[in-house]
Amino acid sequence: ATLARAAERTAAELLAPPAPHRLTDVVPAPQQVQPDPTEDWVLPAEAVIVATADPAALAVAAHLAELLRPATGYPLPVADTTTPDPADGIALVLDETDDLGAEGYRLDITTNGVRVTAGTATGLFYGVQTLRQLLPPAIESPVPVSEHWALPGGSITDAPRFPYRGAMLDVARHFFAVEDVLRVIEHLARYKLNHLHLHLTDDQGWRIAVDSWPKLTGVGATTEVGGGPGGHYTKADYRRIVSYAAARHITVVPEIDLPGHTNSALVAYPELAPDKIAPPPYTGTEVGFSYVDPADERTYDFIADVLGEVAALTPGPWLHIGGDEAFKVKGEVYTGFVERAQRIVAGLGKTVVGWHQLAPAGHLDGRVLQWWGTNGEDPTTADAVRRGARLILSPGNHAYLDMKYAPDTPIGHDWAGLIDVRKAYDWDPGTHLADVPAEAVLGVEAPLWTESVTSLADIELLLLPRLPAIAELGWSPRATHDWAGFRDRLAAHGPRWARAGTTFHRAPEIPWP
Ligand code: TNX
């Protein structure tokens, strides 16, 4: 009898619906969470997704349906509505009177269904990303699975700490196909990052077509680190990346690195070289040896043409002009060059972004410096901030995704130290740089340089799980910052990545289930 009872209990346990995910199990941590277990809800097979009759809101609804259909196998039709009632489905409600800011949202899960409310479609999109994380990990399956699609009851009110949250992919050292970039965009969207910085040019290759200087890709794109074939994006490719990102509320920030990191351009157009002699193509990993001739007017024609064509392809407000490691262009020659380049960007109606080496150059309205130092003292950058510059923080020893996790990480560098998940998480963008007020900080960005990175699996290994750490620093209020809590919330993402076929580093400090 005892045995029979035990067997019965096991059967009951097997049949019992698994406890839903906890409402607090979200990365990046939301601003406010009010769980209410009496309101747990299960997505029914006949659920309908309704959204305010607005094209951008309906696009988010369609995106949600596409996220949920593969694993559930449910039809999940999308309809527009004038009533905000979820009625046993999911409602996405645009409500401009709501005080949630440009990116905030409110998520309510009740026994009646799910409602996401936001003042913008971007807010709705982020509400959807949160909702996705609250479903069982099987939701990431590309094929239908039989599962109890339970959601934890309660409410979340959420909005980001910083407006700029990004990642950079270096497509110059190694070239990556459009499909790989789209996959990276998906990872960004999941963690509410809103900028993808593409490092499009460097010594080893020029990756974006420029009609007025065709040899930049015709000649300059055919190399990469290690001697591989390289490659480049046609304008159509680039537009495809931009629109895929835009559909995920992500802005592309194109970088044309100047005046250094330009060997590939000099190979294609020796007239830009200081000695007017074409250098040999470069496939190594040294930096700081190349530069376009700052004393030749033709250089500024080149910059105006290139930046003009890139600006025309780019709907976002930013144009990144690099500026790092131009070791052979010094003092006033360097600042004079940067000031001209900054004015060219402004003349194109874009906001200039550059690595923090731009700091000593004259201020220009709105300019943004991307700080990649490795200790929190930088008087030159702090001074540029006093003159009006804003900052994106990418501290090399916390946010550089090309640093190894540990000595045995198979790829990556260690010049800025090893960066395990805790190191990626343990800093505060608001106070990191001495003498820079939090108000000057636009946000954070995690750069991935690709000297040692040759495949999508390599990219994912370095991105995950550190990208979510940087995303949380950019999104979550400081009051939620807590390593132990983050570690546990992050652990739940391992099974999601595994389901989705995504490579990630099984960091030993994370209690993966
Ligand atoms: C420094 S960070 C660079 C890049 C390299 C990177 C390798 C920066 C603005 N410049 O050219 O790829 O180190 O970690």
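The values are calculated or read from the model by the stated rules, or taken from the named source; none is laboratory data. Quick caveat, the model's predicted, so the values are computed rather than measured. Please note: Cβ atoms are built from the backbone with ideal geometry, for glycine as well, and neighbour counts cover all protein chains shown. Each accessible area value is taken on the protein alone, full model and side chains, heavy atoms only, with ligands, DNA and RNA left out. Shrake-Rupley method; radii C 1.70, N 1.55, O 1.52, S 1.80 Å.
Against the list (1) more than 27 Å from the chain's Cα centre (by Cα); (2) among the aromatic types (F, W, Y); (3) within 30 Å of F125 (Cα to Cα), the condition Y233 fails is (1).
Remark: pairs (first residue in segment 366-389, closer than 27 Å to M403 by Cα; second residue open to solvent by 10 Å² or more (accessible area, probe 1.4 Å) and among the hydroxyl-bearing types (S, T, Y); Cβ separation under 9 Å; 6+ apart in sequence or on different chains) = V368/T351; G376/T431. Exactly one residue out of D420, D435, D426, D414 is more than 20 Å from the chain's Cα centre (by Cα), within 27 Å of T502 (Cβ to Cβ) and open to solvent by 30 Å² or more (accessible area, probe 1.4 Å): that is D414.
Kindly indicate whether any position in segment 259-276 is touching a residue at least 60 places away in the same chain (Cβ under 8 Å), assigned to a loop (DSSP other than H, G, I, E, B) and loosely packed, with under 15 Cβ neighbours inside 10 Å.
No, segment 259-276 contains no residue that is touching a residue at least 60 places away in the same chain (Cβ under 8 Å), assigned to a loop (DSSP other than H, G, I, E, B) and loosely packed, with under 15 Cβ neighbours inside 10 Å.
Looking at segment 327-377, which of its residues are under 26 Å from the mean Cα position of the chain (by Cα), in a helix (DSSP H, G or I) and of a type in the set (V, I, T)? V345 - this is the single residue of segment 327-377 that is under 26 Å from the mean Cα position of the chain (by Cα), in a helix (DSSP H, G or I) and of a type in the set (V, I, T). When each of R239, R165 is tested for being within 19 Å of the chain's Cα centre (by Cα), in contact (Cβ under 8 Å) with a residue 40 or more places away in the chain, under 29 Å from G104 (Cα atoms) and surrounded by fewer than 24 Cβ atoms within 10 Å (Cβ to Cβ), the lone residue that passes is R239. Within segment 113-120, not a single residue is at pLDDT below 95 and part of a loop (DSSP other than H, G, I, E, B).
Residues checked against (1) more than 19 Å from G443 (Cα to Cα); (2) buried (at least 22 other Cβ atoms within 10 Å of the Cβ):
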residue	(1), (2)
G127	yes, yes
P144	yes, no
L151	yes, yes
I156	yes, yes
E179	yes, no
L188	no, yes
Y191	no, yes
L198	no, yes
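For segment 83-119, residues that are within 15 Å of V60 (Cβ to Cβ), in contact (Cβ under 8 Å) with a residue 40 or more places away in the chain and of a type in the set (V, I, T) total 3.
Going by the structure shown, is T72 buried (at least 18 other Cβ atoms within 10 Å of the Cβ) and modelled with pLDDT of 95 or more? Yes: the conditions hold for T72. Here D202 clears all of (1) more than 16 Å from the ligand (Cβ to nearest atom); (2) buried (at least 24 other Cβ atoms within 10 Å of the Cβ) except the condition numbered (1).
Could you tell me which of the residues Q370, Q357 is under 30 Å from A312 (Cβ atoms), of a type in the set (S, T, N, Q), surrounded by 23 or more Cβ atoms within 10 Å (Cβ to Cβ) and within 13 Å of the ligand (Cβ to nearest atom)? Steps first, answer last, please.
Numbers: Q357 fails: surrounded by 23 or more Cβ atoms within 10 Å (Cβ to Cβ).
Criteria check complete, one pass: Q370.
Kindly establish whether D170 is acidic (D, E), over 16 Å from the mean Cα position of the chain (by Cα) and crowded, with 21+ Cβ neighbours inside 10 Å. Judged against the criteria, D170 is not a match.
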